[in-house]
Amino acid sequence: MATRASSELQYLHQLRRWWRIELDAARVAQRDERWRRPWAERLAAGKALTQLSFVRREPKRASATLIWFGRKDRKPLPPHRVRSGFPALVWPAGEGEPASAPTSEQRATVVRVTADQLLLRFPNDYDRFVETGTLNFEHEESEVTFQRGDQAVQALESDASARIRALLFGDAEPQFDDAAELSFRDAALNPHQRLAVERAVRARDAVLVHGPPGTGKTRTLVEIVRQGLLLGRRILVTAASNVAVDNLTRRLSDNGVKVLRLGARKKVAPDLAQCTLQHKLAELPEMAEAQKNFDAAQRIADGKGRRPADPKKRIGELRREAHALKDAARAKVLRRSRIVCATAGGVDAVPLGDETFDMVVLDEATQAPDPVALSALERGGVLVLAGDPEQLPPTVVTQDSEANPGLSSTLFERCAARWPGEATTLLAEQYRMPTELMQFPSQAHYGGKLEAAAENRHNRLQQLLPKKKLKKRDAGPWIVVDTSALGHSEAFDDEHSSYYNDPHRKLVAAEVKRLVDCGIDAGDIAAICPYSAQVRRLRTDLAELLKAGLEIGTVDGFQGREKEVVIVDLLRSNAQGDVGFLRDIRRTNVAITRAKRQLIVIVHGDTVSGLAYYRKLLAAAKAAGALERAAS
């Protein structure tokens, strides 16, 4: 037992080191991206300031040094978007515009922002140049997700977390209660979905829900939450992205479940405003009382009305009372909320404090790096992890780094490999693709276990145009266009560090226009490419159809989405057989599983055939009579 515990702790220590490597890599990537943008543009964007100088130092503290900075000319700060709590860099300002990254720079954290000054927190061993010269300042992206992830891993090292640590990182296996008869709220669930719900309800500690494309994973999770409510459970519903959390929030709300959606207002979909903490707080009398106290304090500060004997003291009292009322209101909303929705990286936000839950439902578990997933999972009793390891992996800078292998796989994948069959449920019936279109991804990624539901089994493009006779090539649900005869046509966009391919671009545009001319609504069509440079060019070429509803984007933006017709441009075309992003076949799986009625894949067969996956794709298309060869 001691040896197993030591092994688990050793892994967690390593995980923290990998997470630190990721933070450092993210900083370098951000720094490189920053210095590709002109200084004038960065100043205009409001995240950078120049000509700052030392004003004064706050009384010395044991853990950090606080220093005020203002404009060298003592004027108010220009309009900006600097906010407290965010990291920043300062470096010596030269005479003119900085043309390259500085040789000396100091990291800091913004503590307070006034009209004419910034208060920054530095480590006590900060570089003294910050006090002696004129400085440039640049606001960086928040690192709070990294901080929370590190804290979550640390928390798992305690004795109190021994069980969950052994479950997620050791050799412990999930346990289940005896089967019980359930009264399903969603009567239309298929047998696979029902089994996933039953196992989640019976689980004492953890369960996995494996949801391939179009298999109703979100619908299943909504039923799991509804069943949890019937059992009196308090549930945290979370995911790796705001889009996924919004989707779950919306689906729960549409099914009559009262939900509290936590998160920055600008990151929550507008139609969910009534679910947010801000909206619910505004309905409470405590908030109105708090605002009265803030207003009274401001009137005294402005010298209006009756002046108290000790204005400063009274202002402090009023503001403390106001904050106490706000805290009481926040606690009341949380106390009343049985279902709380937030991103996995945001569950350690101030409103939640030390709140724990009977169950944590983590969607997109295969897209959450371990530290981010743990930020959510450590708050729960029963853990429900849902995702698909055959779709998009976690977005991390060090994804392919030999120095950082620990973030390339997820808890979901490793637990699925270790836990017995009952702990993982595959949702095998899919409601998007016709049988013929489903067969290749099913065989290549899911062991041939997927089955098409009756309502989409025979989907065809012709059904959208009942009065028009389509050409033979559109009779089937997929077409693969091999461009090998066009030669090696990819090129590199130095400005955006991305590839593009003009012959492929023309083919994509021609297919889109052909479909629209046939009568397909532009809003029912999407074009997907793994490379952003190609996406930008396609958007320019098809600007008018974009206005009519056509969507063009990279793979990441389409996970969880679907369209009637999808055109996938795999783009790479070179003599070396270099496939770049296409080497991650999970991304290709996402791209080719978005279509409901027709999929068109444009691919340079000679380039990609070095990988068995693409050889099989071309062979499957040929066997189905769906392979075409573009003429030179």
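Structural remarks
- Estimated FRET transfer efficiency (Arg37, Arg583; beta-carbon r; R0 30 Å; 0.05): 0.50
- Shape box of region 312-353 [Cα atoms, principal axes, largest first, Å]: 41, 22, 10
- Extension gain (nm, one decimal) between Asp310 and Arg336, 0.36 nm per residue minus Cα-Cα: 5.4 nm
- Modelled spin labels at Glu317 and Asn124, positioned 7 Å past Cα toward Cβ, are 3.8 nm from each other.
- For the pair Asp159 and Asp327 in one chain, pulling the backbone fully straight at 0.36 nm per residue adds 57.4 nm over the alpha carbon distance.
- Compactness of region 157-276, taken as the C-alpha radius of gyration over 2.2 N^0.38 Å, stands at 1.17.
- Amide N of region 202-238 lying under 12 Å from the label point, which is placed 7 angstrom from the Cα of Asp186 along Cα→Cβ: 215-227
- Residue-averaged 222 nm ellipticity for the chain, from DSSP H runs of 4+ at -39500 (n - 2.57), nearest 500: -11500 deg cm²/dmol
- Gain on full extension, evaluated as 0.36 nm per residue between Glu131 and Asn255 minus their Cα-Cα distance, stands at 38.8 nm.
- Model label sites at Arg57 and Glu495, defined 7 Å from Cα along the beta-carbon direction, differ in position by 4.7 nm.
- If the convex hull is drawn through the Cα atoms of the chain, its volume per residue in Å³: 206 Å³
- To put it simply, the accessible area of region 419-501 at a 1.4 Å probe is 50 percent carbon and sulfur.
- Sorted largest first, the principal axis extents computed over the alpha-carbon atoms of region 497-541 equal 37, 19, 15 Å.
- Accessible carbon and sulfur surface of region 279-351 relative to its total accessible area, %, 1.4 Å: 50 percent
- Residues Ser7 and Val113, FRET efficiency given R0 of 60 Å [Cβ-Cβ distance, rounded to 0.05]: 0.80
- The 1.4 Å probe gives accessible areas that order Thr249, Thr356, largest first, as Thr356, Thr249.
- Distance in nm between pseudo-label sites at Ser632 and Glu544 (7 Å out along the Cβ direction from Cα): 3.3 nm
- Accessible area per residue in Å² at 1.4 Å probe, computed on the chain: 47 Å²
- Equivalent ellipsoid, region 410-462 (semi-axes from 5 times Cα gyration tensor eigenvalues, Å): 28, 11, 8
- In degrees, nearest ten, helix 612-623 long axis to first principal axis of the chain (Cα): 40 degrees
- Intensity falloff of region 1-137 expressed as log10 I(q)/I(0), Debye formula with alpha-carbon point scatterers, at q = 0.09, 0.11, 0.20 Å⁻¹: -0.35, -0.49, -1.26
- Extent of region 537-632 along its three principal axes (Cα atoms, max minus min coordinate, largest first): 38, 28, 27 Å.
- In this structure, the residue pairs whose Cα-Cα separation is over 23 Å, taken from Lys280/Lys312; Lys469/Lys547; Lys513/Lys563; Lys467/Lys547; Lys47/Lys312; Lys467/Lys506, are Lys280/Lys312; Lys469/Lys547; Lys467/Lys547; Lys47/Lys312; Lys467/Lys506.
- Residues of region 533-576 with amide N under 18 Å of a point placed 7 Å along Cα→Cβ from Asp502: 533-542, 571-575
The values are calculated or read from the model by the stated rules, or taken from the named source; none is laboratory data. Source: prediction; values computed, not measured. Heads up, the Cβs are rebuilt from the backbone with ideal geometry, glycines too, and the neighbour counts pull from every protein chain shown. When the accessible area is computed, the model is the full protein with side chains, heavy atoms only, and any ligands, DNA or RNA have been set aside. Shrake-Rupley method; radii C 1.70, N 1.55, O 1.52, S 1.80 Å.
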